[in-house]
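Asks: Handing you a structure now.
The values are calculated or read from the model by the stated rules, or taken from the named source; none is laboratory data. Quick caveat: nothing in here was measured; it's all calculated off a predicted structure. Heads up, the Cβs are rebuilt from the backbone with ideal geometry, glycines too, and the neighbour counts pull from every protein chain shown.
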Amino acid sequence: MNNKIDTAVTRFLTNRARIGPFELAFWIAAFATIYLLPGRHLILTEIAIWGLFALSLDLILGFAGIISLGHAAFFGVGAYAAGLLAKHEVIVEPSIALVFAGLVAAALGFATSFLVLRGSDLTRLMVTLGVALVCFELANKFADVTGGADGLQGVSDHLAPVFGVFRFDLFGHNAYIYTLAWLFVMFVLARRIVNSPFGLSLKAIKGNALRSSAIGIAVNWRLIAIYTLSAGYAGIAGGLLAQTQAFASLSMLSIDRSADVLLILIIGGPGYLYGGLVGALVYRLLQDFLSSFSSRYWQFWIGFVLIMMVLFGRVYGGIIAAVIIGATIWFDLSPTWSFLVLGLSLLVLGLAREILVKWIALAEQQVSTWLSRVWTQSKSTIRARLDHGAGA
Amino acid sequence: MLTILFDGVAYGMLLFVLACGLSVTLGLMNFVNLAHGAFAMAGGYITVVLVNRAGLPFVAGLVLAFFATAAIGALLERILYVHVYAKSHLDQVLFTIGLVFMSVAAIDYVMGSSQQFVQIPAALQGQFDVFGVGVGRYRLLIIVVCGLLTVALQFVLMATRFGSRLRAAVDDQRVARGLGINVGAVFAITFAVGSGLAGLGGALGAEILGLDPIFPLKYMIYFLIVVTVGGTSSITGPFVASILLGIGDVAGKYYFPSLGAFVIYTIMIVVLIWRPQGLFARGATR
């Protein structure tokens, strides 16, 4: 009897963890960029780092349901740790230094995880924000260690080549390969973790903490574990940035960065691990593309996209926002006009939300019935043809 | 020493006027409004435009800032915020951060990113001595105005029909609905008044807090501290919390300038660990 359940559970877990064709294609494409897009390695490195950072947030937000507004604390601490280790020639081998950066951030995560356990979403929001602000203030005050507002200089002077062979070159080729390799390893690890029984128990906690404790899940310890792990991931992402850019600055600890990583994850979608990577790709490419028009709009546009995504759901909201923003670019509106158009469309869409949502649901239903009809029809015609062929 | 206390009280009063709207909306709808600072910023900029460019008297600027921000708040509440009350906290956070980003970018575009100052009439500038204590005229004005507002708010909340409806709705929304109280309308009015007060606070505080496009992000944490430390069940809690915060911040910056804002954040974290429901909460009702 027990054996039967065991095999059923094992089969369930293995099925969950099966590698799909899309996943394979994603990683083949990612590694193909090493050869196919040699001129884009600098931005790709940045995307990979953002992706790893967003992945770390996904671990707590998407799988354990902890909203954090201060995740940059761990990113920045990892960055400063990696930078200081290299600057003072403590550990010159980048990959080992990075492991230490991750451990330092994870230690901070462990220490602050006890704060996150208490209270409601709002308290968590506040505490994570507070921890990030304290880290920011500390880095700002201890300027003789961190370089203060000028940032940490002289990281590259003592940074040894990776494995003693691959030096970070000016075009960022080796840096990209190094970053991508880290991203891949960390991703595979995260994938294993969330598909394990431990990962499943986290999803249970996210669903209902009280009931999960009733079926024997140690809620607090699981949350502490995943928070610590997530902090370590963020620290490694920060360390990667410090190493590849040979620089660490206060902006890596700032609230803007915490908000940005939340946006990236939301754009990609939390809860399936690829969200952070996809979000980072979309966000960074959009930023690159749109900033060429005007960097002034960027925040306005991002705010607009966010509001739309909340009002109309992630997919339709994104489409609506893209259409409206695309239209302002297409008609080449002056800044004043495009601000006005976006602001007004916000109000109009807010007023018409109920109707629009109804329409969207209706359209969705019609498309799905149409698709299923086409599907059954084509199946029956194929079957009829087969029968006919067999008869003849 | 007493001057610091005085400045701290003025600062705390200002924070209270800025944040009290947030505490009521949070308690009433359990809605996390990170965009509250944007209303304060709007009030500040409206006063700057009216007083500096249109040449209106300072007091008229303040009054108009209140009504204009209240109108903006009512409009946004009816059109946009209503859709978000029933959504998850994550959605509320994203929505209000989106609003903050839009307001920051818009103000940056229209008014420029440099810091703005409101022209204060000469009668309100300078200091005078009371028994050897330096008292800034402008800070005295802030204390008087905010003190009157606090008394008025307390009166409305405790002694009027609207106040009792509001308290009933905060205590238990469903039962209040069942008793025939139009919670949506009560909330809309409260939201508008809260936004208006934030706008007034922003206008009054432009001199002390500084007014630039990143104002909503910079002071978000202060508002949230007031609300979380003070609790959302009354306005006395946030009031005491903001006075303490004001004195603590001014004294901390004066006596330990090297630590800066660090003191405040540490106090907040300690309080939240010690009493997650807030210092003055009556205990968890929900």
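Asks: Just for the stretch B:240-261: of the residues that are within 9 Å of chain A (Cβ to nearest Cβ) and more than 21 Å from the chain's Cα centre (by Cα), which one is modelled with the lowest pLDDT?
Replies: Ranking the qualifying residues of the stretch B:240-261, first place goes to B:Gly260.
Asks: Continuing with the same structure: Can you list the helices (runs of 4 or more DSSP H) lying wholly within the stretch A:256-336 that have 1 or more residues being buried (at least 19 other Cβ atoms within 10 Å of the Cβ) and away from every other protein chain (no Cβ under 12 Å)?
Replies: On the way: elements: A:274-291, A:297-312, A:314-330.
Where helices (runs of 4 or more DSSP H) fall fully within the stretch A:256-336 and carry at least 1 residues being buried (at least 19 other Cβ atoms within 10 Å of the Cβ) and away from every other protein chain (no Cβ under 12 Å), they are A:274-291, A:314-330.
Asks: Could you go through the stretch B:145-154 and let me know if any residue there is part of a helix (DSSP H, G or I), more than 10 Å from every other protein chain (Cβ to nearest Cβ), under 27 Å from B:Asn182 (Cα atoms) and without any contact (Cβ under 8 Å) to a residue 60 or more places away in the chain.
Replies: yes
Asks: Something else: Could you tell me whether B:Ala152 is small (Gly, Ala, Ser), out of contact with any Leu (no Cβ under 9 Å at 6 or more places or on another chain), surrounded by 11 or more Cβ atoms within 10 Å (Cβ to Cβ) and closer than 26 Å to B:Gly205 by Cβ?
Replies: Considered against the rule, which asks whether it is small (Gly, Ala, Ser), out of contact with any Leu (no Cβ under 9 Å at 6 or more places or on another chain), surrounded by 11 or more Cβ atoms within 10 Å (Cβ to Cβ) and closer than 26 Å to B:Gly205 by Cβ, B:Ala152 comes out as no.
Asks: Does A:Ile34 satisfy the criteria of being in a helix (DSSP H, G or I), exposed (fewer than 10 other Cβ atoms within 10 Å of the Cβ) and hydrophobic (A, V, I, L, M, F, W, C)?
Replies: Judged against the criteria, A:Ile34 is not a match.
Asks: Next up: Going residue by residue through the stretch A:96-111, is there one that turns out to be more than 14 Å from chain B (Cβ to nearest Cβ) and either over 25 Å from A:Ser68 (Cα atoms) or of a type in the set (S, T, N, Q) (or both)?
Replies: yes
Asks: I would also like to ask the following. Of the residues B:Leu26, B:Leu18, B:Leu34, only one is assigned to a helix (DSSP H, G or I), of a type outside the set (Gly, Ala, Ser), under 21 Å from B:Leu90 (Cα atoms) and at pLDDT below 90; which?
Replies: Within the list B:Leu26, B:Leu18, B:Leu34, the selection yields B:Leu26.
Asks: Residues that are touching a residue at least 24 places away in the same chain (Cβ under 8 Å) and either within 14 Å of B:Leu80 (Cα to Cα) or surrounded by 10 or more Cβ atoms within 10 Å (Cβ to Cβ) (or both): does the stretch A:357-375 have at least one? It would help to see each step written out before you state the result.
Replies: Taking the stretch A:357-375 first, the residues touching a residue at least 24 places away in the same chain (Cβ under 8 Å) are A:357, A:360.
Checking the rest, the ones that are also either within 14 Å of B:Leu80 (Cα to Cα) or surrounded by 10 or more Cβ atoms within 10 Å (Cβ to Cβ) (or both) come to A:357, A:360.
The answer is yes; a qualifying residue exists.
Asks: Quick one: B:Gln119 ticks every box in (1) within 14 Å of chain A (Cβ to nearest Cβ); (2) part of a loop (DSSP other than H, G, I, E, B) except a single one, so which number is it?
Replies: Here B:Gln119 meets the rest and fails (1).
Per-residue answers, yes or no, for (1) within 11 Å of chain B (Cβ to nearest Cβ); (2) modelled with pLDDT of 70 or more:
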{"residue": "A:Val127", "(1), (2)": "yes, yes"}
{"residue": "A:Ala132", "(1), (2)": "yes, yes"}
{"residue": "A:Glu137", "(1), (2)": "yes, yes"}
{"residue": "A:Phe142", "(1), (2)": "yes, yes"}
{"residue": "A:Val145", "(1), (2)": "no, yes"}
{"residue": "A:Gly151", "(1), (2)": "no, yes"}
{"residue": "A:Val155", "(1), (2)": "no, yes"}
{"residue": "A:Leu170", "(1), (2)": "no, no"}
{"residue": "A:His173", "(1), (2)": "no, yes"}
